[in-house]
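Asker: The structure's right below; bear with me while I get my questions together.
The values are calculated or read from the model by the stated rules, or taken from the named source; none is laboratory data. The structure displayed is predicted, hence computed values, not measured ones. Glycine gets a Cβ as well: all are built from the backbone with ideal geometry, and neighbour counts include every protein chain shown.
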Amino acid sequence: MTIDDFIKNTGQWLKGTGEHSNIVMSSRVRLARNLAKRPFPNKARKKDLEEILSTVHETVNEIEHFKDSIFLKISELDNIDKQFLIERHLMSHEHAANPDGKALVVSPEEVLSVMINEEDHLRIQVMQSGFNLDETWRIADSVDDALSSKLDFAYSIQWGYLTACPTNTGTAMRGSVMLHLPALVTTKQINKVLAAISKLNFASRGFYGEGTQASGNFYQISNQVSMGHSEQEVIQNINGLIRQVIEQEEQARQALLLQNKPMLEDKIFRSCGLLRNAHIISSQETVELLSMVRLGVDLGIIKDVDRKTINELFIMIQPAHLQKIEGKKLTATERDTKRAALIRQKIDGG
C-alpha cells in the first residue's frame with residue numbers, strides 16, 4: 001500500500017452511512033499518549049525523537065489493528081503529499097511542520113491513524129461515518145489497550161495520562177462529531193446554538209479542526225475538558241449534546257420546507273446547476289455550493305446524486321488532491337479548471 005492508493009479509495013468516514021448520516025458526516029475519537037520517562041516532543045532532541053519513533057514503529061508492527069497499514073515518515077514526503085494527508089483529516093498542519101522524527105500510520109480504510117511525535121508521542125485517531133461515537137470509542141479503546149500492553153505510557157494516579165498540553169491531561173481524549181448544519185445557518189439560528197455549546201464547555205471548530213473557520217456549513221463539536229470525567233462519561237455527554245443539535249437542525253429543515261420551499265428549492269437547484277456547468281471554479285465556492293446540494297440530496301429534492309459522492313467531493317476538490325489526481329503540480333488557474341471538470345464528471349457523469 002502506498003500513499004497514492006488513497007486516491008483510489010474512499011475513506012470509511014466519507015461513505016455517508018450510519019445513524020443520522022444526513023446531518024452527521026463523521027464521528028472521531030482522539031487519544032493522546034506519551035511514553036514514560038521520555039521527554040515530550042517539544043523538549044526532545046532529534047535523537048530522542050528517532051528512538052521514540054523506532055520504538056512505536058516496532059510496536060505497531062506487532063499489533064493486529066495495524067495489519068496492512070501504511071507507515072509514512074514525514075521527512076520523506078513532499079509538500080503535496082503532506083497537504084494531501086491534512087486534507088484527508090489524517091494528520092495536522094503541526095505534524096507536517098518540522099518533520100524530523102515524525103511519522104504517520106494509517107489503516108487501509110482510514111478508520112485508524114496514529115501521528116507519532118506531533119504534540120505528544122502518539123496521537124491515536126479513529127474515525128467512522130455518521131453518528132457512531134460509541135463504536136468509534138470502542139475501537140479506540142481496543143487500540144489503546146493493545147498499545148499499552150507493549151508500551152509504558154506516562155500516567156499519574158492523581159492526574160491521569162500526562163500530556164504536553166495540561167488541558168489534555170486526564171483521559172487525554174477528545175471526542176468530536178462533524179455536523180452539516182445548513183438549515184441552522186440559513187435560518188440564522190447557528191450563533192445561538194454555538195453560544196449554548198460554548199457555555200456547556202464544548203468547542204466548535206471548522207471543517208479542519210482547531211484554528212479553522214466553518215465552511216460549507218460544517219461544524220466540528222468536541223469536548224473541551226478531559227479531566228475529572230471517565231471516557232464513558234465524556235462520550236455520553238457529547239452524545240447528549242449532539243442529539244439536541246441534530247433535533248434543532250431537523251426542525252430548521254422542516255421549517256424551511258414548510259415556510260419557504262420555493263426559495264429553498266431554487267437555491268439548491270441553482271447550486272447544482274452551477275456545479276454541473278462550471279468550467280472554472282474555486283475551492284471556496286465549490287464547498288458552499290456542495291453544501292446546498294448535499295442538503296438537497298438529504299431532503300430528497302435532488303434524486304440523481306448520492307450522499308457518498310457529495311461527501312467525497314468535499315475532499316477531492318482540495319488543492320493537493322487535484323494535484324495527486326493529475327500527477328503533477330498545478331497552478332491556481334489549472335486547479336480551478338481541473339476542479340470543475342472533476343465535479344462535472346462525478347455528479348453528472350460527463
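Asker: Out of 54, 27, I need the residue that is out of contact with any Pro (no Cβ under 8 Å at 6 or more places or on another chain), of a type in the set (Ser, Thr, Tyr) and surrounded by 21 or more Cβ atoms within 10 Å (Cβ to Cβ). Which one?
Answerer: 27
Asker: Output the helices (runs of 4 or more DSSP H) that fall wholly within segment 58-155 and possess 3 or more residues being aliphatic (A, V, I, L, M) and within 26 Å of residue 236 (Cβ to Cβ), or say none.
Answerer: Those helices (runs of 4 or more DSSP H) span 133-148.
Asker: Scanning segment 92-121 for residues that are among the hydroxyl-bearing types (Ser, Thr, Tyr) and modelled with pLDDT under 95, which turns out nearest to residue 315 (Cα to Cα)?
Answerer: As a first pass, look at segment 92-121 and keep what is among the hydroxyl-bearing types (Ser, Thr, Tyr): 92, 107, 113.
Restricting the remaining residues to those that are modelled with pLDDT under 95 gives 92, 107.
On the way: 92: 15, 107: 18 Å.
Among those residues, the one meeting the criterion is 92.
Asker: Take residue 74 and decide whether it is touching a residue at least 60 places away in the same chain (Cβ under 8 Å) and surrounded by 18 or more Cβ atoms within 10 Å (Cβ to Cβ).
Answerer: Judged against the criteria, residue 74 is not a match.
Asker: Pairs please, first residue from segment 154-166 and within 21 Å of residue 52 (Cα to Cα), second anywhere and among the small types (Gly, Ala, Ser) and exposed (fewer than 14 other Cβ atoms within 10 Å of the Cβ), Cβ atoms under 8 Å, 6+ apart in sequence or on different chains.
Answerer: 154/36; 155/36; 162/156
Asker: Residue 281 passes all but one of (1) in a helix (DSSP H, G or I); (2) in contact with a Leu (Cβ under 9 Å, 6 or more places away or on another chain); which number fails?
Answerer: All conditions are met except number (1).
Asker: Also: Within segment 292-301, is even one residue assigned to a helix (DSSP H, G or I), surrounded by fewer than 17 Cβ atoms within 10 Å (Cβ to Cβ) and under 23 Å from the mean Cα position of the chain (by Cα)?
Answerer: No: segment 292-301 contains no residue that is assigned to a helix (DSSP H, G or I), surrounded by fewer than 17 Cβ atoms within 10 Å (Cβ to Cβ) and under 23 Å from the mean Cα position of the chain (by Cα).
Asker: Within the group 107, 142, which residue is surrounded by fewer than 19 Cβ atoms within 10 Å (Cβ to Cβ) and polar (S, T, N, Q)? If you could, list the steps in order and put the result at the bottom.
Answerer: Working: 107 fails: surrounded by fewer than 19 Cβ atoms within 10 Å (Cβ to Cβ).
The match here is 142.
Asker: Cβ-Cβ distance below 6 Å, separation of 6 or more or different chains: which pairs start in segment 338-350 with a residue that is under 12 Å from residue 272 (Cα atoms) and end on one that is at pLDDT 90 or above and outside any helix (DSSP H, G or I)?
Answerer: 347/305
Asker: Are there any pairs, at least 6 apart or on different chains, whose C-beta atoms fall under 9 Å, with the first in segment 284-300 and under 14 Å from residue 343 (Cβ atoms) and free of Cβ contacts under 8 Å to residues at least 60 places away in the same chain and the second in a helix (DSSP H, G or I) and of a type in the set (Lys, Arg), and if so, which?
Answerer: 286/339; 289/270
Asker: Hey, can you tell me all the residues within segment 242-263 that are crowded, with 17+ Cβ neighbours inside 10 Å and either aromatic (Phe, Trp, Tyr) or under 28 Å from the mean Cα position of the chain (by Cα) (or both)?
Answerer: 242, 245, 246, 248, 249, 252, 253
Asker: Another question about this same structure. Among what's in segment 264-291 and is closer than 21 Å to residue 306 by Cα and among the hydroxyl-bearing types (Ser, Thr, Tyr), pick the residue that is surrounded by the most Cβ atoms within 10 Å (Cβ to Cβ).
Answerer: This residue is 286.
Asker: Could you please let me know if residue 157 is out of contact with any helix residue (DSSP H, G or I) (no Cβ under 7 Å at 6 or more places or on another chain) and either under 26 Å from residue 41 (Cα atoms) or crowded, with 18+ Cβ neighbours inside 10 Å (or both)?
Answerer: So residue 157 passes the test.
Asker: Counting only residues that are without any contact (Cβ under 8 Å) to a residue 24 or more places away in the chain and over 14 Å from residue 12 (Cα atoms), how many does segment 96-140 have?
Answerer: So the answer is 4.
Asker: Filter segment 1-49 down to the residues that are out of contact with any His (no Cβ under 7 Å at 6 or more places or on another chain), of a type in the set (A, V, I, L, M) and either part of a loop (DSSP other than H, G, I, E, B) or free of Cβ contacts under 8 Å to residues at least 12 places away in the same chain (or both) and list them by number.
Answerer: Result: 1, 3, 36, 44.
Asker: In segment 316-350, which residue that is surrounded by fewer than 19 Cβ atoms within 10 Å (Cβ to Cβ) and of a type in the set (Val, Ile, Thr) is nearest to residue 290 (Cα to Cα)?
Answerer: 337
Asker: Output the qualifying pairs, or none if there are none: Cβ atoms under 9 angstrom, residues six or more apart or on different chains, first residue in segment 231-255 and touching a residue at least 60 places away in the same chain (Cβ under 8 Å) and over 17 Å from residue 28 (Cβ atoms), second residue of a type in the set (D, E, K, R) and in a helix (DSSP H, G or I).
Answerer: 253/298
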